[in-house]
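The values are calculated or read from the model by the stated rules, or taken from the named source; none is laboratory data. The model shown is predicted, which means the values in this text are computed figures rather than measured ones. Cβ placement follows ideal geometry from the backbone for every residue including glycine, while neighbour counts extend to all protein chains displayed.
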Amino acid sequence: MINAIDVRIRKFIAQNQTLTLATSQGEIPYCCSLFYAFEESEGLLFFMSSRESRHGKEMNLNSHISGTILNGEQSVLRLQGIQFSGEAFFLPKEMESKARKTYLQKFPIARLNPSELWYIRLDWIKMTDNTLGFGTKLIWERELAIHQAAS
C-alpha cells in the first residue's frame, strides 16, 4: 500500500515529462534522459526503452535506480525539482495495457516508434521547491521502502 504522496509533489511530477535516470553496473554509474508518464495512485513512472540499451541492460542486472526531474526554471526563486530513488522493472503483461494507454496519452507520437515499457516504483522523493521559500524541501517515503530499510 502506498502512503499518499504530497499533492505538491504529485502535481510537479504530473506537469513535467522528462527525467534523468541513473543506473550502475559494478561501480560505474550511468545516466540517461527519458520521457515518462506518471501513474499517481501507485507512485509509478512509465517509460519506453529497449532492454538492449545500456540502462536497460543495467536495470536487468540491478533494479535499484535513482534520478531527477527538474522544471527547467532559470530563476532560482522559482526553481523546483525532485531527486528520487526506487526500483525499475520491465513491465509485466498484466500491467502493459493500462501503462501503454497512460504513456501514449501523454506522448501520442510514441505510436510511430513503439518500444518496450518499463516502470519505476518510486520509494523515496525529495522535492526542492523554492516557490515555498528558498531551500524548502518536501520529503516522501513509500511505506514499503521504510520497512525494507529497517529489515
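Applying the selection to segment 13-52, what residues are assigned to a strand (DSSP E or B), under 18 Å from A99 (Cα atoms) and among the small types (G, A, S)?
Residue satisfying the conditions is A37 alone.
Tell me the residue from A22, A37 that is in contact with a Pro (Cβ under 8 Å, 6 or more places away or on another chain), among the small types (G, A, S), under 25 Å from W140 (Cα atoms) and touching a residue at least 12 places away in the same chain (Cβ under 8 Å), please.
It is A22.
Please work out which residue is surrounded by the fewest Cβ atoms within 10 Å (Cβ to Cβ), limiting yourself to segment 65-76 and to residues that are closer than 18 Å to G43 by Cβ and aliphatic (A, V, I, L, M).
So the residue we want is I65.
Does segment 119-143 hold any residues that are among the hydrophobic types (A, V, I, L, M, F, W, C) and in contact with a strand residue (DSSP E or B) (Cβ under 6 Å, 6 or more places away or on another chain), and which are they?
Pass one, segment 119-143, residues among the hydrophobic types (A, V, I, L, M, F, W, C): 120, 122, 124-125, 127, 132, 134, 138-140.
Answer for segment 119-143, where residues must be among the hydrophobic types (A, V, I, L, M, F, W, C) and in contact with a strand residue (DSSP E or B) (Cβ under 6 Å, 6 or more places away or on another chain): I120, L122, W124, I125, M127, L138, I139, W140.
Is there a residue being of a type in the set (V, I, T), under 16 Å from L19 (Cβ atoms), in contact with a helix residue (DSSP H, G or I) (Cβ under 7 Å, 6 or more places away or on another chain) and at pLDDT 95 or above anywhere in segment 118-130?
Yes, because at least one residue in segment 118-130 is of a type in the set (V, I, T), under 16 Å from L19 (Cβ atoms), in contact with a helix residue (DSSP H, G or I) (Cβ under 7 Å, 6 or more places away or on another chain) and at pLDDT 95 or above.
Quickly run through segment 77-125 and pick out the residues that are in contact (Cβ under 8 Å) with a residue 60 or more places away in the chain, surrounded by fewer than 14 Cβ atoms within 10 Å (Cβ to Cβ) and part of a helix (DSSP H, G or I).
Scanning segment 77-125 gives a single hit, Q105.
Restricting to segment 53-64, and then to whatever is in a loop (DSSP other than H, G, I, E, B) and touching a residue at least 24 places away in the same chain (Cβ under 8 Å), can you tell me which residue is surrounded by the fewest Cβ atoms within 10 Å (Cβ to Cβ)?
Across segment 53-64, the extreme among qualifying residues is N62.
Check E39, E27 and return the single one that is crowded, with 16+ Cβ neighbours inside 10 Å, among the acidic types (D, E) and at pLDDT below 95.
Matching residue, one of E39, E27: E39.
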